[in-house]
Amino acid sequence: MFSYCIDPEVLGQFRWLSCYLTTGKHFAFYGSFATVLILLAITAPTALAFGFGGASIARSRIGPISWIGKGYIAIVRGVPDIAFFLFFVIALDQAFEFARHKVICPEWNEPIRQGSDFIVCKAAKLPLGNAPQWIHETYGFFLAVLTFAIVFGAFAANVIFGAMRAVPKAQLETAEAYGMSRRQTFWRILVPQMWVFALPGLSNLWMVLIKATPLLFLLGVEDIVYWARELGSTKNAKFTSYPHGDWRMQYFFFLLVFYLAFTKVSEVVLDRIMKRLTHGQATAGGEAQRKAAV
Amino acid sequence: MSCWETVADYAFRSIGFGERLLPRSDFTICQQATLIGSGMIWNVYFGVVALFSGFVMATVLALGKASQSFWLRKPSEWFIFLFRGSPLFIQFFFAYFLFLNLKQAVPIFSPFTAAWLGALVVLFCNTAAYSGEIFYGALLSIPRGDIEAADAYGFSGMTRFRKITWPTMLRLAWPAYTNESIFLFHATTLVFFSGFPAYQQKGDALYYANYFADKTFNPFVPYPILAGYFIMLSLIIIGFFGLMNKRLNRHLPQEERRKLRIRPNMIR
């Protein structure tokens, strides 16, 4: 990047490092941090929506519907999550292709699973075979986001389901006594009050979500783990002007520090939010705040 | 080839006994179930050893974090923060490359680059940190009356810790600790996806499930099999911890005994 970077072999240590850290590949590495942050920014609200939906379904008074919600929560929580990540990425892809196949090529009559192959007609391929590279990458990222949202949606559903039950019964009964319908009670009384109960669980979930982001690597996205492995591995003088030995340890140490800093910052921020939300609430936390203020 | 022959060939494939070549085509459900089950040996090994060794370390960490002394408290706090604040996946990667570098300097470290020891060390530290935090929380919520009563009876020092503090801490922490251990078993599936090589394709359950999913391009068979194994494993753990829970609570009146409430599983 700098003008003196033309011949790295003659540079001093510090200048060499400044050139090394600003190569195109390193910018891709820095960009992959943005990938992680974008993933978090998209996944967190999506998972929350999934969770809200799941919890509302699980609360349903109609048996079979509530079983669907509870089943969703129970199944995702009972199995190692990595298995889910690996499973959903293929399963979702095949499900989408299968659905498109049924719609686009109805006249196709060969079986879709032939031995070890999964064959749909050309027009139903996702993304299309002739699509540019960025569409492939975006599609991969989209699948990853959806997978994260499904898995974390189940966790969030569990938290929200618990929070909904923690809202004092008397509140709901009062609403009923005022003649509110079930729907009104739900939206006007239950939902606004449950967040305080849900927040500790949700903030815990946020921490877990942060720590799950390296798993993007397993889903085939070029994330920070991918780049750390790529850049850190031994570089031969034949192929690069910045040869070095095996630096993967240093790169992963950097990732470790990044995550520690990230979780620390989140912890501080979430503590603040919790303090603000408990302000004036009829809970032990709110009571403690009131006493401290007096 | 009948299913029994498959079982005879592959039941201990993951630790190097039996048939060397993995099946390459015409995969049967029997083969998948056997090999994935064979991989479970690794998951159980990592889980059990890390759990038992981590338990001791966790008690030490909890006591350290609750201690008055600055020099005991800070290291415990940092240890717990380090392992709880970063993803296990990154810890595995870092540890593997760290051991690779150490191996070049000091040959003693060469076994640490293999999963059976290197990954075990990481899992040990990790579960020690997570359980240490749980035990620390329990230690703080021991009723003051219990300690005062112990003082009144003349307990002090080690005796008080062994007879009063420690059992009460365990009793209070037990439900959370049960979750943590289920959690740990799930976390063992990360080992072979994070740098640690599976020599001669001797991997854990998820390694084989992933192998089959890649080969058949059909995730709907191997992953449900894996899920079944893990649900069974979780039930066994819950049963075992339930028995311990009963024993820890046996002195309490019937209605005060706390049932184990299981809320398993989150990624770390």
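The values are calculated or read from the model by the stated rules, or taken from the named source; none is laboratory data. Bear in mind the structure is a predicted one, so any value in this text is a computation, not a measurement. Because the Cβ atoms are built from the backbone with ideal geometry, glycine has one as well, and the counts that use them run over all protein chains shown.
Just one of the listed residues (A:141, A:161) is surrounded by 15 or more Cβ atoms within 10 Å (Cβ to Cβ) and under 14 Å from the mean Cα position of the chain (by Cα), and it is A:141. The conditions of being crowded, with 19+ Cβ neighbours inside 10 Å and touching a Phe, Trp or Tyr at 6+ places or on another chain (Cβ under 8 Å) are not met by residue A:202.
Could we say that residue B:103 is under 29 Å from residue B:179 (Cα atoms), touching a helix residue (DSSP H, G or I) at 6+ places or on another chain (Cβ under 6 Å) and assigned to a helix (DSSP H, G or I) here? When the stated conditions are applied, residue B:103 does not pass them.
Does any residue of region B:63-71 turn out to be within 14 Å of chain A (Cβ to nearest Cβ) and in contact with a Phe, Trp or Tyr (Cβ under 8 Å, 6 or more places away or on another chain)? The answer is no; no qualifying residue exists. Mind checking which residues of region B:26-42 are under 16 Å from residue B:201 (Cβ atoms) and over 25 Å from the mean Cα position of the chain (by Cα)? Passing the criteria: B:27, B:31.
Helices (runs of 4 or more DSSP H) wholly in region B:155-233 with at least 3 residues that are among the basic types (Lys, Arg), farther than 22 Å from residue A:74 by Cβ and in contact (Cβ under 8 Å) with a residue 60 or more places away in the chain - which ones?
none
Residue check: is residue A:203 away from chain B (no Cβ under 12 Å), closer than 24 Å to residue A:38 by Cβ and modelled with pLDDT under 90? The answer is yes for residue A:203.
Take the conditions small (Gly, Ala, Ser), within 12 Å of another protein chain (Cβ to nearest Cβ) and more than 19 Å from residue A:263 (Cα to Cα) and apply them to residue B:95. Does it pass? For residue B:95, the condition - small (Gly, Ala, Ser), within 12 Å of another protein chain (Cβ to nearest Cβ) and more than 19 Å from residue A:263 (Cα to Cα) - is met. Here residue A:190 fits the description: more than 30 Å from residue A:225 (Cβ to Cβ), aliphatic (A, V, I, L, M), in contact (Cβ under 8 Å) with a residue 24 or more places away in the chain and part of a helix (DSSP H, G or I). Would you mention how many residues in region B:195-212 are surrounded by fewer than 24 Cβ atoms within 10 Å (Cβ to Cβ) and small (Gly, Ala, Ser)? Summing the residues that are surrounded by fewer than 24 Cβ atoms within 10 Å (Cβ to Cβ) and small (Gly, Ala, Ser) in region B:195-212 gives 2.
Pull up region A:234-271, narrow it to residues that are among the polar types (S, T, N, Q) and loosely packed, with under 14 Cβ neighbours inside 10 Å, then point me to the one that is nearest to the other protein chains (Cβ to nearest Cβ). Going through the qualifying residues, I end up with A:234.
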